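The values are calculated or read from the model by the stated rules, or taken from the named source; none is laboratory data. Keep in mind it's a predicted model, so treat the numbers as computed, not measured. Reconstructed Cβ throughout: ideal geometry from the backbone, glycine too, with neighbour counts over all protein chains shown.
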Amino acid sequence: MEYLSDTSPIVLVIALIVALFIWGAGYKLYRLAVFFLGFLAGFILCGTVVKLVPSPPVSVIVIQIAVGLAMGAASFFILKLGLFIAAGCAVFFVLNNLFQSQSMGSVGLIIAFAAAVVAGFIATKADKPVIMVFTGILGGFAIISILYKIALILPIDTSILPPERSLVVIAVKAVLALAGIGIQFAVNREKNNE
């Protein structure tokens with residue numbers, strides 16, 4: 001049974017491009033960003049769930065694409081859903097990385113998921129600054145995670161890399177997230193002053 005996972009080179013390249021857009025221009029390209037974010041969330045989640053089915057009636061890739069497009073379109077047209085997904089993913093990335101580095105296992109995963117849902121609901125009441133913060137965090141954490149996964153599939157010596165869930169890598173993700181937030185605030189402040 002064929003499916004595309006989040007470690008597939010095609011998915012990684014697309015995810016890296018989306019993460020860069022979300023990181024540096026999440027607010028300006030918000031609708032486009034939430035479409036791609038919704039697409040990736042639906043695509044990856046569907047791949048995870050459908051691969052558990054013994055013999056699906058249709059190719060798993062077709063199902064993944066269909067669910068991804070549906071989730072992307074829903075995020076694009078229902079901005080509250082897009083905000084919910086963006087905020088939830090940002091909080092989940094941060095907490096899951098932190099908890100996994102502390103070897104909290106499934107307890108950490110449950111806490112990260114619960115916090116993501118709460119953040120998603122809070123974000124639906126949000127405005128421009130909150131969108132910039134969430135997209136900066138999401139983009140910064142995603143960029144480093146994706147680059148790390150790309151490095152692991154390239155034919156290079158990765159023994160010098162610290163473990164992805166180490167505090168060093170999490171600190172790099174946090175710094176990049178802060179840079180993305182700063183860039184978005186600076187660019188949008190300049191636009192408002194013009």
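Within segment 169-185, residues that are farther than 12 Å from Ile137 by Cβ sit with their Cβ atoms under 7 Å from residues that are not β-branched (Val, Ile, Thr) and not in a helix (DSSP H, G or I), at 6+ positions apart or across chains, in these pairs: Val169/Pro162.
Those helices (runs of 4 or more DSSP H) of segment 10-128 in which 2 or more residues are aliphatic (A, V, I, L, M) and modelled with pLDDT under 75 occupy 30-50, 79-101. Please verify whether segment 150-170 includes one or more residues that are touching a Gly at 6+ places or on another chain (Cβ under 8 Å) and not polar (S, T, N, Q). No - not one qualifying residue is present in segment 150-170.
Scanning segment 137-194 for residues being farther than 24 Å from Pro9 by Cα and in a helix (DSSP H, G or I) gives a total of 21.
Considering only segment 140-163, state which residues are touching a helix residue (DSSP H, G or I) at 6+ places or on another chain (Cβ under 6 Å), closer than 25 Å to Ala33 by Cα and either free of Cβ contacts under 8 Å to residues at least 60 places away in the same chain or polar (S, T, N, Q) (or both). Those that are touching a helix residue (DSSP H, G or I) at 6+ places or on another chain (Cβ under 6 Å), closer than 25 Å to Ala33 by Cα and either free of Cβ contacts under 8 Å to residues at least 60 places away in the same chain or polar (S, T, N, Q) (or both): Phe141, Ile144. All conditions in (1) of a type outside the set (Ser, Thr, Tyr); (2) under 12 Å from the mean Cα position of the chain (by Cα); (3) at pLDDT 80 or above hold for Pro162, with the sole exception of (2).
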